[in-house]
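Here's the structure we're looking at; comments come further down.
The values are calculated or read from the model by the stated rules, or taken from the named source; none is laboratory data. Keep in mind the model is a prediction, meaning the values are calculated, not measured. Glycine also receives a Cβ, built like all others from the backbone with ideal geometry; neighbour counts cover every protein chain displayed.
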């Protein structure tokens, strides 16, 4: 998708992770969100501040996907997981671990990797 | 405010009909519904039509008027899209229109053509109901999303893949006599457990098939049904809809579906019933774990207890609370935009005694339909009751 227009704040968010400066958006009541986001859904606060994303998160759930969409054909099988980073949770692909060894509660770091099938950027979790 | 009556319903055979256009599928279902209703087509005042992936599967948007034309109507026609809950959301629009007096007769339905583009492209098309930026780009598929929910459920409440297998076995058995069902084949727990994995812990038999098909129903006001002497004993007495964050990552629980809780609470309140009054349910079992989450959100089971319902025989046709007498999405099939109305048709036919599994609830008077979109970011619940 390199020849397409970037997806604004989403691509900027990936840039920030690549630069080691990953962030999330927080309202005055501490509710966390990922960009693009203009308003807190829970308290309607529009004054969202940029806060540093914790360096490590915990796997909340995971699955090894063996039947992918065509855009991930050459990546399969791969482990998609949701990881809890405190104020926000993030969805990504776990790399650097045998799929059978991934478990709920595993501590992972966040980085940007590349999709094997298309070369697109993607969120990668790596065990800490 | 009177409750709309179901004057007639129609469904196509669900299955692989790659050569059949969406408009032909809907024409068959819509005309069957009009025939069963006995309503003069000139009296129909609007069409609400559910469809999810028409642009991707048929390169066809703007399907509302196309489908009105297909069933011989010249009425205001609106396509409603809420992913797999599109038809449930269409029912809700129809009910509101009838209740507020804008129309006396409405056709509601849905259709989906899916197998013509093949499994890979259909999987891709279905995935657009998830959050594209944060889920699809992380390799999320719909089996994958429900697998995340299943693993989280097992972690929080217990349960196993074998418990889920009992749901697949039950729904396959229910579909054996359903002539419209896509899969009429009995399976065993061992078959389900030994089937290829799609997204662990979910395997082939935890997943509904990819389906072409259509469903339609004719709804009228109570007054119209009386004035025209229609045989329409079943009423839609409650409607509810709930929403949630599109992406699983933005929800506090992966093993609960609060959109369905909200929809059920609203629908039960609207109908003036409680979960204890429900005699049977058609729920959105796109994956086996989804049936568990549905019956818990509907208040039919406490959290953590729905997982054992099929294994214990409670939700089979011989149990106290049959779930998915049609075979559910699992065996009947899931033509996405039609599913909500197919559920309504099943409940109407069970309640009026014409469904082949009506003998499971011979004294049943209250049925509930649960139709969920995406990973339950949209849910509609409808209560249907016998009103002689």
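The table for this structure:
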{"quantity": "Single match in B:291, B:314 (criterion: under 28 Å from residue B:151 (Cα atoms) and without any contact (Cβ under 8 Å) to a residue 24 or more places away in the chain)", "calculated": "B:314"}
{"quantity": "Filtered residue count, the stretch B:215-228, keeping only those that are surrounded by fewer than 24 Cβ atoms within 10 Å (Cβ to Cβ) and either assigned to a helix (DSSP H, G or I) or within 17 Å of the chain's Cα centre (by Cα) (or both)", "calculated": "5"}
{"quantity": "Options B:191, B:231, B:212; residue that is buried (at least 20 other Cβ atoms within 10 Å of the Cβ) and at pLDDT 95 or above", "calculated": "B:212"}
{"quantity": "When residues of the stretch B:82-100 are limited to those that are in contact (Cβ under 8 Å) with a residue 60 or more places away in the chain and in a loop (DSSP other than H, G, I, E, B), the one surrounded by the most Cβ atoms within 10 Å (Cβ to Cβ)", "calculated": "B:85"}
{"quantity": "Considering residues of the stretch A:6-36 that are part of a loop (DSSP other than H, G, I, E, B) and facing chain B (nearest Cβ under 10 Å) only, the residue nearest to the chain's Cα centre (by Cα)", "calculated": "A:34"}
{"quantity": "Flag for residue A:75 being closer than 25 Å to residue B:142 by Cα and assigned to a helix (DSSP H, G or I)", "calculated": "no"}
{"quantity": "In the stretch A:54-70, the residues that are away from every other protein chain (no Cβ under 12 Å), at pLDDT 95 or above and either touching a helix residue (DSSP H, G or I) at 6+ places or on another chain (Cβ under 6 Å) or part of a loop (DSSP other than H, G, I, E, B) (or both)", "calculated": "A:54"}
{"quantity": "Subset of the stretch B:294-308 that is without any contact (Cβ under 8 Å) to a residue 24 or more places away in the chain and touching a helix residue (DSSP H, G or I) at 6+ places or on another chain (Cβ under 6 Å) - its residue that is nearest to residue B:116 (Cα to Cα)", "calculated": "B:306"}
{"quantity": "Selection from the stretch B:331-344 of residues that are over 12 Å from residue B:83 (Cα atoms) and in contact with a helix residue (DSSP H, G or I) (Cβ under 8 Å, 6 or more places away or on another chain)", "calculated": "B:331, B:332, B:341, B:342, B:343, B:344"}
{"quantity": "Restricting the stretch B:125-148 to residues that are assigned to a helix (DSSP H, G or I), within 7 Å of chain A (Cβ to nearest Cβ) and without any contact (Cβ under 8 Å) to a residue 12 or more places away in the chain, the residue that is surrounded by the fewest Cβ atoms within 10 Å (Cβ to Cβ)", "calculated": "B:137"}
{"quantity": "Condition check for residue A:51: within 14 Å of chain B (Cβ to nearest Cβ) and not in a loop (DSSP other than H, G, I, E, B)", "calculated": "no"}
{"quantity": "Residue in the stretch A:81-93 that is more than 11 Å from every other protein chain (Cβ to nearest Cβ), farther than 15 Å from residue A:54 by Cα and out of contact with any helix residue (DSSP H, G or I) (no Cβ under 6 Å at 6 or more places or on another chain) present", "calculated": "no"}
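Here's the yes/no breakdown for (1) crowded, with 20+ Cβ neighbours inside 10 Å; (2) assigned to a loop (DSSP other than H, G, I, E, B):
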position	(1), (2)
B:236	yes, no
B:240	yes, no
B:249	yes, no
B:252	no, yes
B:255	yes, yes
B:262	no, no
B:266	no, no
B:269	no, no
B:273	no, yes
